[in-house]
Structure formats: C-alpha cells, structure tokens
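To start, the structure itself, in structure tokens.
The values are calculated or read from the model by the stated rules, or taken from the named source; none is laboratory data. Quick caveat, the model's predicted, so the values are computed rather than measured. Note: ideal-geometry Cβ built from the backbone for every residue, glycine included; neighbour counts use all protein chains shown. Heavy atoms of the whole protein, side chains included, go into the accessibility calculation; ligands, DNA and RNA do not. Shrake-Rupley method; radii C 1.70, N 1.55, O 1.52, S 1.80 Å.
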Amino acid sequence: MSLNLDGYSLTFSDEFAGSYLDTSIWGTQYWWGGRTLASNGEMQYFADRSTPVIQQNPALDPFSIVADPREAGDGVLTITARPSPDPGLTDGLPYVSGLINTHGTFSQTYGYFEISAQVPSGQGLWPAFWLLPQSGNWPPEIDVLELLGHDPATYYVGSHWTDSRGGHFYDTQGISAGVDLSQDFHAYGTLWTADSITFYLDGTAVYSMQMPAGMSEPMYLLAGLAVGGNWPGAPDETTRFPAEFKIDYIRAWSLDTPSSIPTTTPSLKGTSGADLLVGDANANALNDIVFAYSGNDTLEGLRGNDTLAGGHGADTFLYRTGPSGNDVIVDFDPMIGDAVRVTKAILGQKNFSGLYRMIKDNPAGDAVLKLADGGSITFEGVSKAQLGYDDFFIV
C-alpha cells in the first residue's frame, strides 16, 4: 500500500536550510536534562555548544548543516559521533554524539510523521527517529526508525505501551529493506491514527499494527545517533569514526486540519473599538452557532483591543483580517476544544512550530501570541505549556 497525503495538512517541517541547527525548534538533550540513556547501556554523551567538551573542543560539535546539492535553498543536517577526547568532560562516556527533539516546541496527537535520512553503518552505531509523549510519560513510544549499524539492510519499527494493569508491552518488527540503507537517503514514516499505526519506507507500507489502548496523547519528535548499548553492542575495531547520521528533512502532517477559512459570518463580531464579545453562557443554548455544532460559537474581534469570551462549547476565535489589535481571550479552554483560527498572513508563520516560537508567557503566567501585523492574543489563565497543536488552525 502506497502513502497518499492528499488532503492532509503540513504542520511541521524543518528542511535545515540555515547555517546551524535552529535551537529555538530543537532541544539537544532530553527534557529532564539527560544526555544519555544509561538504562540502555548507551556509551555516547549527547553534547552541544553549551557543554564543556564542545567549548574546549569546538571541532567536535556534533551538529553541522551543509547545502543540499539536490534541492536549492535546503540543507542537510549531519549528526556526527566521535570518540570523546576526555571522558572527564563527557560523564565518563567514551563517545560524543548528538540528539535533537521538539519537546516544548511541537507535539501532535495522530498524523503522519517522516524523516528523510542517510544512516551510518558500523558495529555499535544506533541511529533512530521516534516519538514520545509531551507529558513526559513513558510508555507510550512510537519507533519510526531504529537501525543497528552492523546490519544496514535491516531497520526496526514498532511501539511501546502500557496495558490497563500497568504492564509494559512492546511490538518491534524488523524490516528487511533489500538494500544497504547507509548508501543513500530514504524516507522513513509512520501514519498514526486512532485505529492503527502503519510504518512506511519510501512511501510504501512495510508494517501495520493495531493502535494500542492509551496511546492518544500529544507526542513530540526525536532523532539522534546513539553509540553502543545493550541492543547494538559496543563498537569494535571495524567501526569507523567519525560516524555520520545525515538528515535531509523532518516533517509532520495532520489528519484533519481545515484547508480554508469558512465564508460564514461569525456569530459575534466586534467593531473597530475595544469590544467585549461574550458567547451565550447557557450550555443548552444553540442559537449562537455558525458551523452547526451545538453550543460552539465563533468570535472575531477585528480592530481594537478586544476582550473575547466564548462561554460554553468548543469556541473558535477567528483572526483573518488585520490590524488585529491586542486581544485577550478570558475563557480559552484547550480541554473542551476551543481553538484559534488564524491566517498565515496575520501570523507571519507557515506551521505550528513557527507559531509556537512566537508564544511567550507574560509576567502573570499568561501565554501571549505575537502576530506579524503588530497585534497579539493573550490567553488569560493559560500558560504556553498548556497550548498544543490542536488549539490552532493555520489557514
């Protein structure tokens, strides 16, 4: 079965077009501060420019970007693993390597996720691309790509989950590619839905599994090059360093993002002044409906510094014309389906990862989204950490 993304919406994309890794998107250590997984027996220290080993040895920086010769304007990120010059600078670990992740900058529930990469070969090398919960829970986990460098013609896909009694279960499947995957770039993807998880190699399905129970929370993206460990084993005299994991792009698509702005008139619409627009607070009221969803109001403030409140229901706060002003949403509730629908022109961003970078918490702890037209949206009582992909529609 071939992959068909017609009708899907791109929600995240890094083509690595800059001169260096964009650290406003990518973290370079685990969210809790860890730089290895000792539980796996890994032998690498995930370094970056903030670590003493790189500050004292800049040439060992694991991250570099070069222009992509196949696509003008795009680049290729290389994550390089090398022996540590001083284990005293790498927590006693003998190798230096790199990890990237979007914890806190991009996460999504369901969708299609893909990396285009050229993996390294060699005993003890362990490149991977996987998804973990934004909440910090584990399991669940979705493994899109894992490869053991001594066998570059086989890679592994699968998932980890917890059953109703708290037991840890997993399904890991080896995929025989029929070619040496280290010789060229290949696209490794997974389509994660409420019913199933299907894995793809170069757009062709290679394995599918039923979606385990409890795997329905937002997950973020990780990619890295581990060295050694209980599964791949340690490098030996045949392993060549530096070892390189080359990444052309990492992308994500949503399954259901609307593709256009509705042409219907909002149920509540402000003037050019500083307006207060409040949806019907009666949970049973059905008359303030624009999109034929019971109790779901649409509010558009237009110009001026507006105060918006949707009341009960899954409300949509619409930003399609500027100048938008500095608005405050006083009852935004991510848990019941409230959402902001904003055009790319007003936002000044093309996808959720760009949008998320524009959100900062103010001194009161409220999330504030800065808009390209000079306006802003303040989410009263809601912090940046509480907002995710499902709270925004970029159109």
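Hey, does the stretch 53-62 have a residue that's within 24 Å of the chain's Cα centre (by Cα), touching a residue at least 12 places away in the same chain (Cβ under 8 Å) and open to solvent by less than 10 Å² (accessible area, probe 1.4 Å)? Before you say what the answer is, go through the steps one by one.
To start, the set of residues in the stretch 53-62 that are within 24 Å of the chain's Cα centre (by Cα) comprises 61-62.
Filter again for touching a residue at least 12 places away in the same chain (Cβ under 8 Å), leaving 61-62.
Now drop any that are not open to solvent by less than 10 Å² (accessible area, probe 1.4 Å), which leaves 62.
Among the residues of the stretch 53-62, at least one is within 24 Å of the chain's Cα centre (by Cα), touching a residue at least 12 places away in the same chain (Cβ under 8 Å) and open to solvent by less than 10 Å² (accessible area, probe 1.4 Å), which makes the answer yes.
Would you mind telling me which numbered condition in (1) over 21 Å from residue 117 (Cα atoms); (2) over 18 Å from the mean Cα position of the chain (by Cα) residue 193 fails?
In the conditions (1) over 21 Å from residue 117 (Cα atoms); (2) over 18 Å from the mean Cα position of the chain (by Cα), residue 193 misses (2) alone.
Do we find a residue being in contact with a His (Cβ under 7 Å, 6 or more places away or on another chain) and modelled with pLDDT of 95 or more anywhere in the stretch 178-194? Talk me through it step by step, then tell me what you get.
To start, the set of residues in the stretch 178-194 that are in contact with a His (Cβ under 7 Å, 6 or more places away or on another chain) comprises none.
Checking the stretch 178-194: not a single residue is in contact with a His (Cβ under 7 Å, 6 or more places away or on another chain) and modelled with pLDDT of 95 or more.
If you go through the stretch 273-294 one residue at a time, do you hit one that is open to solvent by 20 Å² or more (accessible area, probe 1.4 Å) and at pLDDT 80 or above?
Checking the stretch 273-294: not a single residue is open to solvent by 20 Å² or more (accessible area, probe 1.4 Å) and at pLDDT 80 or above.
With the structure loaded, tell me whether residue 197 is under 30 Å from residue 334 (Cβ atoms), among the aliphatic types (A, V, I, L, M) and at pLDDT 95 or above or whether it fails that test.
Values: under 30 Å from residue 334 (Cβ atoms): yes; among the aliphatic types (A, V, I, L, M): yes; at pLDDT 95 or above: yes.
Yes: the conditions hold for residue 197.
Quick check on the stretch 295-310. Is at least one of its residues open to solvent by 10 Å² or more (accessible area, probe 1.4 Å), among the hydroxyl-bearing types (Ser, Thr, Tyr) and over 24 Å from the mean Cα position of the chain (by Cα)?
Yes, the stretch 295-310 has at least one match.
What number of residues within the stretch 312-371 satisfy the criterion of being closer than 19 Å to residue 302 by Cβ and basic (Lys, Arg)?
Of the residues in that region, 4 qualify.
Between 378, 343, which is among the hydroxyl-bearing types (Ser, Thr, Tyr), in contact with an Asp or Glu (Cβ under 8 Å, 6 or more places away or on another chain) and over 21 Å from residue 102 (Cβ atoms)? Give the derivation first.
Values: 343 fails: in contact with an Asp or Glu (Cβ under 8 Å, 6 or more places away or on another chain).
When all the criteria are applied, what remains is 378.
Only residues that are of a type in the set (Asp, Glu) and either under 25 Å from residue 43 (Cα atoms) or open to solvent by 20 Å² or more (accessible area, probe 1.4 Å) (or both): list them for the stretch 63-86, please. Walk me through it before giving the result.
Here is the first cut: in the stretch 63-86, the residues of a type in the set (Asp, Glu) are 68, 71, 74, 86.
The answer is 71, 74, 86.
Across the stretch 184-197, what is the total count of residues that are surrounded by 11 or more Cβ atoms within 10 Å (Cβ to Cβ) and without any contact (Cβ under 8 Å) to a residue 40 or more places away in the chain?
1
Sort out which residues of the stretch 200-233 are of a type in the set (Gly, Ala, Ser) and open to solvent by less than 50 Å² (accessible area, probe 1.4 Å), and write them in order of number. If you could, list the steps in order and put the result at the bottom.
Taking the stretch 200-233 first, the residues of a type in the set (Gly, Ala, Ser) are 203, 205, 208, 213-214, 216, 223-224, 226, 228-229, 233.
Of everything in the stretch 200-233, those that are of a type in the set (Gly, Ala, Ser) and open to solvent by less than 50 Å² (accessible area, probe 1.4 Å) turn out to be 203, 205, 223, 224, 226, 228, 229, 233.
Filter the stretch 29-41 down to residues that are part of a loop (DSSP other than H, G, I, E, B) and either touching a Leu at 6+ places or on another chain (Cβ under 6 Å) or open to solvent by 20 Å² or more (accessible area, probe 1.4 Å) (or both), then give me how many there are. If you could, list the steps in order and put the result at the bottom.
Initial filter on the stretch 29-41 (part of a loop (DSSP other than H, G, I, E, B)): 29-37, 41.
Narrowing the set further to residues that are either touching a Leu at 6+ places or on another chain (Cβ under 6 Å) or open to solvent by 20 Å² or more (accessible area, probe 1.4 Å) (or both) leaves 29, 31-33, 35-37, 41.
The qualifying residues number 8.
Can you tell me which residue in the stretch 2-27 is farthest from the chain's Cα centre (by Cα), limited to those that are outside any loop (DSSP other than H, G, I, E, B) and surrounded by 13 or more Cβ atoms within 10 Å (Cβ to Cβ)? Break it down stepwise before answering.
Step one: filter the stretch 2-27 for residues outside any loop (DSSP other than H, G, I, E, B), giving 2, 9-14, 27.
Checking which are surrounded by 13 or more Cβ atoms within 10 Å (Cβ to Cβ) leaves us with 9-14, 27.
Values: 9: 14, 10: 12, 11: 9, 12: 7, 13: 9, 14: 10, 27: 11 Å.
Checking each candidate, the answer is 9.
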